[in-house]
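In what follows, a single structure is set out as structure tokens and then discussed.
Throughout, read-outs are computed from the coordinates displayed, never taken from laboratory work. It should be emphasised that the depicted structure is a prediction, and the values quoted were computed from it without experimental measurement. Note: ideal-geometry Cβ built from the backbone for every residue, glycine included; neighbour counts use all protein chains shown.
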Amino acid sequence: MGPLIQDEKRPNLRALYCVPLLEKIRTWKVKALLPLVFCGGRAARFISTFNTNKTSLSENKSIFNEWLVGFTDGDGSFSVIFQNNKWSLVFKLSQSTYNLRVLHFIKTQLGVGRVTIDKGEQMASFVIRDLNTINSVIIPIFDTFPLLTSKYFKFLIFKKAAIILSNKNLSKVEKDKLIWELKSTFLPLNYVSPAWSVVNNLVFNHEMADKVMTKAWLVGFTEAEGSFYLVKKESNRLVHGFEITKKLDEIVLISIKYLLHITTNVQHKKAGYYSISTTNSRAIENIISYYKNTMKGMKSVEYRIWSRSYAKFKGNYIALDKIRTNIRIMRKQYQTFNTE
């Protein structure tokens, strides 16, 4: 089979043809031509920048799939499990029961899988275990729209395990040996998803970030990892804030910084976590504009309350404090309701 964890050596068609073409298309005014664009494995990537909204997430398969990849980069997992002398593959997306509706949205869009609730921990998951479904539905999505975080490495192990398990010419002993070899591989230090090779794994500005990270991906990632909040700056002053935190993958947060026009730098926290956050008014206004009418889960509800309170109550401590309290109550009530 060759090296177990290694991408096939092939020309970077996106770097050779797609990026230059997209740069030209940016100057075109005839948007009707955009659906004709196909660049390597990134079909509809450029279109998603313009058309990512609640409607397109439900109606446009490519935009939904790239949103799903972003969501998975945030809160998804690819597991290869050995239990009762058998191998199984599990694709899982986990959320608090507070955000149960986003998992049902994903299930409806994919038409496969199931949603489970762990009442003890107030957590819910969307799960796919069937090997045929993984081969026919899940793997093609992540082959077409690559993960941007180090989860790409886990996906590669997951995909190769699926190939091994699907190979009828291999005995159980041979399958066990090959999959245990896969399981013995570890994430390399400072690993970066191959998706970033188009910018040589470095991002210095908005243009470079935009070559890799699409709006559909970022909306999905934000639904999983983003936070729209109100924070106390002084005893009688609340301000609007936005934050995304991620373990590893500093390049991802650097790109988000540029795409959202956040002036503060990415912060390195403990245990390999990185964070990008802002309370700057101009950045908050950019963020409000960027995410308007885009999200599907409870993050959408929080965003609407947060953005409207900025427009209507900015600087009004009493009103903002009441809104912050009501959001906390809403979260608690939804968690209780969804686990009963």
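With a Förster radius of 25 Å applied to the C-beta separation of A319 and K269, the computed FRET efficiency comes to 0.20. Highest average first, the peptides 64-75, 244-255, 170-181, 278-289 ordered by how many other beta carbon atoms sit within 10 Å of their residues are 64-75, 244-255, 278-289, 170-181. From most to least packed by mean Cβ count within 10 Å, the peptides 260-269, 192-201 give 192-201, 260-269. Rounded to the nearest whole angstrom, the semi-axes of the ellipsoid equivalent to region 161-260, taken from the Cα gyration tensor as √(5λ), stand at 40, 19, 13, largest first. Across region 137-147, coupling constants 3J(HN,Hα) worked out from phi with the 6.51/-1.76/1.60 Karplus curve, θ = phi - 60°, read 10, 6, 4, x, 5, 7, 6, 6, 10, x, 4 Hz, and Gly and Pro carry x. Measuring nothing but alpha carbons in region 211-276 and taking Rh as the Kirkwood radius, the Rg to Rh ratio lands at 1.00. Short to long, the 5 Å bins of the Cα pair-distance histogram for region 233-328 hold 2, 12, 20, 21, 20, 15, 7, 1 percent of all pairs.
Relative to the Cα centre, the charge distribution of region 189-340, modelled as +1 at Lys and Arg Cβ and -1 at Asp and Glu Cβ, gives a dipole magnitude of about 600 debye. Couplings for region 240-245, taken from phi via the Karplus curve 6.51 cos²θ - 1.76 cosθ + 1.60 with θ = phi - 60°, read 7, x, 9, 8, 10, 10 Hz in order; Gly and Pro are left as x.
Treating r as the C-beta distance of D176 and V115 and R0 as 35 Å, the FRET efficiency rounds to 0.65.
Estimated at 0.36 nm per residue, the fully extended path between Q83 and L131 surpasses their Cα-Cα distance by 15.7 nm.
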